[in-house]
Every structure is written in structure tokens, then in C-alpha cells.
1. For the chain, report the accessible area per residue in Å² (1.4 Å probe, heavy atoms, rounded to an integer).
2. With N set to the number of residues, divide the alpha-carbon radius of gyration of region 109-171 by 2.2 N^0.38 Å and report two decimals.
3. Take every Cα pair under 8 Å in the chain that's 6+ residues apart, average their separations, divide by the length, and report that relative contact order as a whole percent.
4. Considering the Cα positions of region 1-97, please state its Rg to one decimal place and its Dmax as a whole number of Å.
5. Tally up the carbon and sulfur contribution to the accessible surface of region 206-313 as a whole percent, 1.4 Å probe, everything protein left in place.
6. What order do K177, K153 take when sorted by accessible area (1.4 Å probe), most exposed first?
7. Could you please report the charge total around E74, scoring K, R as +1 and D, E as -1 over all other residues with beta-carbon less than 11 angstrom from its beta-carbon?
8. Could you sort 1-14, 111-124 so that the peptide with the highest average Cβ count within 10 Å comes first and the rest follow in order?
Amino acid sequence: MDCFIGKTDFKIEEPTVVTIGKFDGRHKGHQKLLGCMLEYKERQGYKTGVFTFDAAPAARISGTVQKVITTNQERRNNMAKMGIDYLVEYPFTSDVVHLSAEAFVREILVGKMNAKAIVAGTDCGFGYKRSGNAELLEDLSSKYGYDLRIIVKEQDEKRDISSTYIKEELAKGHIEKANRLLGEPYSIHGTVVHGNHLGGPVLGFPTVNIIPPEEKFLPPFGVYVSRVVTDEGIFGGITNIGRKPTVETGSFVGVETYIFNMDKDLYGTDIEVQLLNFERPEQRFDSLDQLREQLKRDQEYGLSYLDKENVLC
């Protein structure tokens, strides 16, 4: 996949089918849009292109960190896995803010991305003050010579599936519900770093630690049954998200995982931790012995869940 990150001076020479959006979480609605693009590619031979911004417009305007289900790097990984050919992460500058909706279509989608087909949702918005919509795309299609497919949003219990909906479920610890809306497990990617080295030698549960980026939307602090994707394969595990109050005193938030049936050194490697089920909230224990006994119960719970759900571990 070719990425244009923070660039405005690019030109895709091949004819493309494009879509626009934040793509925060590759949920079922997004998968429907991307699937339609891949169908175009198969039938027409067009390359697939996704347009998004390099940072959330709301975050750039407010100057604050906006929490996201999918970081930019995770979004790139997702698009590559889907077989997307081009990903444009356009800079959210003053020039693009004031670009009219028609100019956005003419100069960027058609001019820079060479769109011969556009796939969009019924609620799409683009251009100055989001003045562009699906109706305008239809009106401009003959003028700029592109096919248009408008995709009706996927729903769950009569509610549109959206990143907002998924965040609500994640915030409640409803991991299984969020995963159903996503159509895949909610995951956290990161490079394994050194922790406090208590897990193995002291507690008997050697763990791997990753640090989530500041913008990553996290579910409630606590212990989760997880599946871990590594270079060595896919393993089951139990993951603690939080501040580890029994052994730490600061405000640092980490993601710590005990991987079942794994004894390889993963320091410095990239892993993906997929959350499957919320077991219990994070808590402080009065002693390491109490923590050790709880970890044994967590392990039993995790192994039972993975076996019951027939999850590879």
C-alpha cells in the first residue's frame, strides 16, 4: 500500500475508486464501504484509494487530544490488511478548511486521486463546514465523470453502527458487544518494553508490557481475556489495563499481558493485543501473595473462556 502522509503535492496516475472518512475503528459499516471499493477493483480494475486527514479536524481546531479507537498507525495496518492500494492522510490546513465542497471533489478526489468512482455513506460530509454531502456527489458525478455508489449505514438494534456507538460500549466494559459492532476484536498495538520485572521472578507470571499512545481510547481499567498476535504466532492470555496499584504508585497507564504457553523473549518486538472479554476491574491488593492468588484465578478464568469460546491459544 502506498501512503501519502501529510502531503498535498501528490498525484495518483492510475484510475481509482475512492472513499472518504475518519475510519476510526474498522467497524462493520467501514467494512461495507471498503468491500464495495474492492468489488469495483475486481470488476473495473480501478485502484482503491482512501482519503482521510492526518489528524482529527476537531482535535486540530480545539488543540486537544481526541481519543480514537484506531490510531493512525493502526488505521494504516488495517487498510493494508484489507488490500487498499492508496491511503491519503491529508494535512488539515487552513487552505483545506476553507476549500468548498465542489473544489474538494474537483481538486483532491478527482484531481489528485484520479477518482473514476466514489463510494460514500449516506451521511458523508466534506468541504467547507461539511457543506458537501451525498446529494452533491450525485449532482457532480456527470460533471467530473465518476461513478457513484452511496452505501446505507449498517445498523445494530435500529441504531447506526458508528465509532461513537462503539466507544460507548467500550467505556462500559462491554468488550464482546464492541467486538460485534467492530466485526473484529478491539485491539491495542505496541512495541514490547521492559516493565518492573515482578511478573516472572516474583509473582510467577512473566508478562509483556506495551504503552498505549495518548490518543488511544481505552476501556475501563481492569483484567481482560485476550488474544495476542506475535511474530511467534497467536496466543491466548490475560491482560491488565491500568496503573497496577499493588506494585506502582504513579499515574502511568500500561497494558500488561501474561501470555499462555509462551516463553519467548519479545522485548523490542511489535505485538497486537486483542481484548475478548472483561473479567474484573483493576484493584489494589494488600500483599503480593494476594495478588499472586488472584492472578491464578485470572488464569483459570481466561483458559476456561478461551476453551469455551473455542479461541486459539
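The values are calculated or read from the model by the stated rules, or taken from the named source; none is laboratory data. Small disclaimer: the values here were computed from a predicted structure and weren't measured. Glycine gets a Cβ as well: all are built from the backbone with ideal geometry, and neighbour counts include every protein chain shown. Accessible surface areas use protein heavy atoms only, side chains included; no ligands, DNA or RNA. Shrake-Rupley method; radii C 1.70, N 1.55, O 1.52, S 1.80 Å.
1. Details: 15160 Å² over 313 residues.
Per residue, the chain has 48 Å² of solvent-accessible surface.
2. 1.37
3. 17 percent.
4. Radius of gyration, then largest Cα-Cα span, for region 1-97: 13.6, 43 Å.
5. The nonpolar share, carbon plus sulfur, comes to 46 percent.
6. Order by accessible area, largest first: K153, K177.
7. +2
8. For the peptides 1-14, 111-124, the packing ranking is 111-124, 1-14.
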